[in-house]
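The values are calculated or read from the model by the stated rules, or taken from the named source; none is laboratory data. Computed from a prediction, not measured in an experiment: that's the story for all the values here. Note that we place each Cβ from the backbone using ideal geometry, even for glycine, and neighbour counts take in every protein chain shown.
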Amino acid sequence: MRRVLIGMGNPLGLDDAVGLHVAEQLAGSDWTCWTAGTALENVIGAVKRLEPDLVVVVDAADMGLAPGSFRRLPLPSIPVMLGTTHGLPLTLLVPLLQEAAEELVVVGVQPGKLGTGEGLSAEAAGAVRYLVRLLTNFDLAAIPGLD
């Protein structure tokens, strides 16, 4: 099975970089990992060429939950929850990812600290550790959906 993980976020945006940290920690595993930064469009061509079975995108998302909480996001809600810090509109990009893979999963992590700077809050760092463990074990079922 070909699995791709795309980490998104601004590396100078504190917890906004949570997806980048997940991708960096999974590098060298059974996942093909890319850090897309704030421009998902930069990796779509590479994803399509790989023809993966599964694509997982991890990004900070304001879901109104406690910092460090993470959820599997329903695909129709993605442009609303993730759309403010990205180059091209996600309404255009998500369908391209859906065409590229058999399954697309988007995981949002509730940020605790946003702004300018490097490093994650303790809550976001904890979410990264837990997500990396789940993804290493290919346990996507343990990632709760957004109610």
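Descriptive notes on the structure:
- The residue list 119, 112, 108 contains one member that is on the phi > 0 side of the Ramachandran plot and touching a helix residue (DSSP H, G or I) at 6+ places or on another chain (Cβ under 9 Å), which is 119.
- For the stretch 51-63, a residue qualifies if it is surrounded by fewer than 17 Cβ atoms within 10 Å (Cβ to Cβ) and either in contact with a helix residue (DSSP H, G or I) (Cβ under 7 Å, 6 or more places away or on another chain) or aliphatic (A, V, I, L, M) (or both), and exactly one does: 62.
- In the stretch 132-147, residue nearest to residue 50 (Cα to Cα) [restricted to those that are of a type in the set (D, E, K, R) and at pLDDT 90 or above]: 139
- Any hit, the stretch 7-24, residues being β-branched (Val, Ile, Thr), closer than 24 Å to residue 133 by Cβ, touching a Gly at 6+ places or on another chain (Cβ under 8 Å) and at pLDDT below 95: no
- Within the stretch 39-64, residues that are over 28 Å from residue 125 (Cβ atoms) reach partners that are of a type in the set (S, T, N, Q) with beta carbons closer than 8 Å, at six or more positions or on different chains, in the pairs 50/32.
- Any pair with Cβ under 8 angstrom, 6 or more apart, that starts in the stretch 95-108 at a residue that is touching a residue at least 12 places away in the same chain (Cβ under 8 Å) and ends at one that is buried (at least 20 other Cβ atoms within 10 Å of the Cβ) and not aliphatic (A, V, I, L, M): 100/52; 101/52; 102/52; 106/59; 107/59; 107/70; 108/59; 108/70
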